[in-house]
1. Filtering the stretch 78-95 down to residues that are modelled with pLDDT under 85 and of a type in the set (A, V, I, L, M, F, W, C), which residue is farthest from LEU16 (Cα to Cα)?
2. Looking at the stretch 183-197, is at least one residue crowded, with 21+ Cβ neighbours inside 10 Å and either hydroxyl-bearing (Ser, Thr, Tyr) or not in a strand (DSSP E or B) (or both)?
3. Here are SER137, SER168: which of them is within 12 Å of the chain's Cα centre (by Cα) and part of a loop (DSSP other than H, G, I, E, B)?
4. Mind listing whichever residues of the stretch 42-54 are among the hydroxyl-bearing types (Ser, Thr, Tyr) and part of a helix (DSSP H, G or I)?
5. Looking at the stretch 74-100, which of its residues are out of contact with any helix residue (DSSP H, G or I) (no Cβ under 7 Å at 6 or more places or on another chain) and under 15 Å from THR37 (Cβ atoms)?
6. Could you identify the single residue in GLU75, GLU94 that is under 20 Å from ASP159 (Cα atoms), under 17 Å from the mean Cα position of the chain (by Cα) and of a type in the set (Asp, Glu)?
7. Enumerate the pairs (first residue in the stretch 106-120 and under 15 Å from PRO88 (Cβ atoms); second residue anywhere and at pLDDT below 90 and of a type outside the set (Phe, Trp, Tyr)) with beta-carbon separation below 7 Å, excluding pairs fewer than 6 apart on the same chain, so at least 6 apart or on different chains.
8. For the structure I just gave you, tell me whether ILE121 is in a helix (DSSP H, G or I) and among the β-branched types (Val, Ile, Thr).
Amino acid sequence: MLTQTYKPQKFNKLFLNKFDSYGYDFAQCFDDFLTITICCFARGTEEPLYLETIKKYKKSDLSDFAEMFGRMWVEYLLNIENKTWSDPLGELYEEITSKHKSQRLGQFFTPIDICNLMARITMNKDEFGEFINDPCSGSGRMLLASESVSKGNYCIGADIDPICAKMSALNLALHGIKGEIWHGDSLANKYYKVYIINHDYWKTKAPSIFTKFV
């Protein structure tokens, strides 16, 4: 069962140093990294989006992205191996927000300890096969915390911020959680796309993210 977390300071430092060298806005670099990573888990279905996203970067920059992708995956694998859950993408987002004052990034998420507390209060550890919904998912922390208490549910999240929706989708995928993340306005019930996550994880044990426009 997934339990506690730790803070990936070295992970953040690597990413921030790389982003600083590109000459682009930090938020744009982070958003592009998320898009590229989602394309990597789309099993060949997002090649046009991938090519469009990478075209502004130099070949050396793309090598950096590959290194960052590998480092990110190692962070997740180490946590899962240690039976923990973590949110390195959300913590990196918050560090960019606090230190670089990007106009595109302006959110701070529920602290991890609070997420764990709320999950323990509201979730039944014997629940299985239920639908868990977070209409303002941020980076997906509440869904990850719910999985730490009750494993095997179908997690559904939504966020009006496209960057947050991407983070939530990747967090579920890399923690082996099956579910959906919707990009849209939960209050207005207006959505633009949905990420279908790990639909066949039980069989492949490989993360997957497929995108559908609605």
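The values are calculated or read from the model by the stated rules, or taken from the named source; none is laboratory data. Here the structure is a predicted model, which means the values were calculated and not measured. Don't worry about glycine lacking a Cβ; one is built from the backbone with ideal geometry, like all the others, and counts go over all protein chains shown.
1. Per the criteria, the residue is ILE80.
2. yes
3. Exactly one residue qualifies, and that residue is SER137.
4. If the condition is that a residue be among the hydroxyl-bearing types (Ser, Thr, Tyr) and part of a helix (DSSP H, G or I), then TYR50, THR53 are the ones that fit.
5. VAL74, LEU77
6. GLU94
7. Hits for this filter: PHE109/GLU94; ILE112/THR5.
8. Criteria met by ILE121.
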